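Okay, structure first, notes after.
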Amino acid sequence: MEKVWLKHYPMHVQRDLEIPDESIPGMLKRTIANYGENKALYFYGSETSYYELGNQSAAFASSLQQNGLNKGDRVALMLPNCPQFVIGYYGILQAGGIVTQVNPMLVGKELEYILNDSGAETIVIYEPLLPILNAILDQTSIKQVIKVNLAGRDTKDGMAVGFGDFIKQAKKPPEEVVINPAEDVAVLQYTGGTTGRSKGAMLTHRNVLANVMQTYEYFKDEIQLGKDRYLTVIPLFHVFGMTSCMNLSIYTGSMSIMLPKFDLEEVLQTIKDLKPTSFPGVPTMYVALTNHPKAEQYGIDSIRLCNSGSAPMPGELLRSFERKTGAMILEGYGLSESSPVTHCNPVFSTRKPGSIGIGVPSTDYKIVDLEEGETELPFGEVGEIAIKGPQVMKGYWNMPEETDHTLRDGWLYTGDIAHMDEDGYVFIIDRKKDLIIASGYNIYPRDVEEIIYEHPAIQEAVVVGIPDAYRGETVKAVVVLKDNQYCGEDELITYCRNNMAAYKVPRVIEFRKELPKTNVGKILRRAIREDT
């Protein structure tokens, strides 16, 4: 089918990009050469220039090598947004390692699984999370722990060494590591699914660089090289934050204003004091800002551009936010498997509320039949969206069968159900994977169900997403108890809270005598969702 979306591209926006044979550390070095004295990071009054970022990440790389890191070794990053995240990320890559992104909200078996699946032997972790790590440490492959204290106090704690002390171990510049950008994995970005364990999407250096370049080219009309200020509240361990905040900011020589979490009053005060120009976020963040009675008094009109991802954007929210701020919210789409950006409503052409827009440069896409995925469907017909481009992952770590199922003839089969209009704009209808998106967090029902099933009173459980005015969706668990067993709603919620990340915990529990099933005994998740 003709790439009808390209007719919207103005002449100065490239349709197809030439991706240089460059590593991610190479991208940083190029920015240092052009903008070395610019401020790269701002964190609670502390500023880090690009020169300083380069020196510190190089020292971190050297210390990793001195402590035995070899090319291809995985290093886990389990941190909130902070300068140490960026230093660690670029240092790991410069040393030849692979960054394994770990959500700091994971606990117990969730964390244990990712550490063991990746084979990471080193972890960089936020100091308050050490008890969670220590509880499972003996069951993991971890041999070296580097802890981050945001107050800057480095103390020895068992096998854990402070981040600052670790950097000081560097005795010489890091050894040069030859990187093949098209083949060498830069990041393991763990995603999940309703049919099995979490999967590590292997993003190569070329994947990550390509997506940064695609994003820049698409939005360059609104980007001021070396001058922009990115409000970085989206977690950097999330692939959206990694690309649209950290890496895009560095690619453009801009400053990243880092906050470790979304606190409304803190965000507003930061906007007032530092006047960010770009605010990538999720709808719940924009809801909170829009509903604040005095938002205009904080100068939120300094923000020119908001890229919204991770969850659908209600049309009324978009209009209300733009009336208050004068900023544009551009709703887009992406996946961990595509580094992540594939689509967005354009700056340079028509925006269509409710759509995810059109493809970014060098991105091809089609709607295919839901049964076999081989027949391309005409405009307006509903099917699965498949994507092709330089940002599409190499495959899943240690999962060749999953890789073959998801990547077919160069196409990434997303599992998302959509239709395309005659202008090439895509509208997501449903999620084939039954993914729940609450406050921008991806929640995979199987992950929650597996932990609920471990409760001794539970016979059957199914988890679905239900509409929520603030979170977009929230988690509901429908359960059947074993005969002669009792478990109340509060008990089950407490059990979940103790065994999974807080954002995954079901907010609603429904007890039933039985669950609807097919004639072969498969639980009918869709029927349960429709009932609720």
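The values are calculated or read from the model by the stated rules, or taken from the named source; none is laboratory data. Keep in mind it's a predicted model, so treat the numbers as computed, not measured. In this analysis, Cβ positions are derived from the backbone assuming ideal geometry, glycine residues included, and neighbour counts consider all displayed protein chains.
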Could you tell me whether any residue of segment 221-230 is on the phi < 0 side of the Ramachandran plot and under 17 Å from the mean Cα position of the chain (by Cα)?
-> yes
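Of a type in the set (Lys, Arg), assigned to a helix (DSSP H, G or I) and within 24 Å of ALA201 (Cβ to Cβ), is that true of ARG497? Before the answer, list the steps.
Details: of a type in the set (Lys, Arg): yes; assigned to a helix (DSSP H, G or I): yes; within 24 Å of ALA201 (Cβ to Cβ): no.
No: the conditions fail for ARG497.
Among the residues of segment 172-189, is there at least one that is at negative phi and modelled with pLDDT under 95?
Start the filter on segment 172-189 by keeping residues that are at negative phi, which leaves 172-189.
Keeping just the survivors that are modelled with pLDDT under 95 gives none.
Taking every residue of segment 172-189 in turn, none turns out to be at negative phi and modelled with pLDDT under 95.
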Filter segment 305-344 for residues that are touching a residue at least 40 places away in the same chain (Cβ under 8 Å), not hydroxyl-bearing (Ser, Thr, Tyr) and not in a strand (DSSP E or B) and give the result.
-> GLY309, ALA311, PRO312, MET313, ALA327, LEU335, GLU337, PRO340
Specify the residue that is surrounded by the most Cβ atoms within 10 Å (Cβ to Cβ); the eligible residues are those in segment 474-502 that are hydroxyl-bearing (Ser, Thr, Tyr) and farther than 17 Å from VAL462 by Cα.
-> THR494
Scanning segment 337-377 for residues that are modelled with pLDDT of 95 or more and among the small types (Gly, Ala, Ser), which turns out surrounded by the fewest Cβ atoms within 10 Å (Cβ to Cβ)?
-> SER362
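Does segment 280-292 include one or more residues that are aliphatic (A, V, I, L, M) and modelled with pLDDT of 95 or more?
Narrowing segment 280-292 to residues aliphatic (A, V, I, L, M): 282, 285, 287-289.
Filter once more, keeping what is modelled with pLDDT of 95 or more: none.
No - not one qualifying residue is present in segment 280-292.
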From the residues in segment 281-302 that are buried (at least 22 other Cβ atoms within 10 Å of the Cβ) and β-branched (Val, Ile, Thr), which one is farthest from SER439 (Cα to Cα)?
-> ILE300
Which ones in segment 1-58 are closer than 30 Å to ASP423 by Cα, in contact with a Ser or Thr (Cβ under 7 Å, 6 or more places away or on another chain) and not in a loop (DSSP other than H, G, I, E, B)?
-> HIS8
Would you point out which residue out of VAL448, VAL478 is out of contact with any His (no Cβ under 8 Å at 6 or more places or on another chain), part of a strand (DSSP E or B) and in contact (Cβ under 8 Å) with a residue 40 or more places away in the chain?
-> VAL478
Could you list, in sequence order, all residues of segment 451-473 that are surrounded by 17 or more Cβ atoms within 10 Å (Cβ to Cβ) and not hydrophobic (A, V, I, L, M, F, W, C)?
-> HIS455, GLU460, GLY465, ARG471, GLY472, GLU473
For segment 247-275, which residues satisfy the criterion of being over 21 Å from LEU150 (Cβ atoms) and either in contact with a strand residue (DSSP E or B) (Cβ under 6 Å, 6 or more places away or on another chain) or among the hydroxyl-bearing types (Ser, Thr, Tyr) (or both)?
-> TYR251, THR252, SER254
Scanning segment 72-114 residue by residue, the ones that are surrounded by 24 or more Cβ atoms within 10 Å (Cβ to Cβ) and among the small types (Gly, Ala, Ser) total 5
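Do we find that ASN211 is outside the structural domain of LYS504 (by TED's automatic domain parsing) and at pLDDT 95 or above in this structure? It would help to see each step written out before you state the result.
On the way: outside the structural domain of LYS504 (by TED's automatic domain parsing): yes; at pLDDT 95 or above: yes.
Yes: the conditions hold for ASN211.
Is it the case that some residue within segment 154-165 is over 30 Å from SER23 (Cβ atoms), among the acidic types (Asp, Glu), modelled with pLDDT under 95 and touching a helix residue (DSSP H, G or I) at 6+ places or on another chain (Cβ under 8 Å)?
Of the residues in segment 154-165, the ones over 30 Å from SER23 (Cβ atoms) are 155-159.
Filter once more, keeping what is among the acidic types (Asp, Glu): 157.
Then drop every residue that is not modelled with pLDDT under 95, which leaves 157.
Narrowing the set further to residues that are touching a helix residue (DSSP H, G or I) at 6+ places or on another chain (Cβ under 8 Å) leaves 157.
There is at least one residue in segment 154-165 that is over 30 Å from SER23 (Cβ atoms), among the acidic types (Asp, Glu), modelled with pLDDT under 95 and touching a helix residue (DSSP H, G or I) at 6+ places or on another chain (Cβ under 8 Å).
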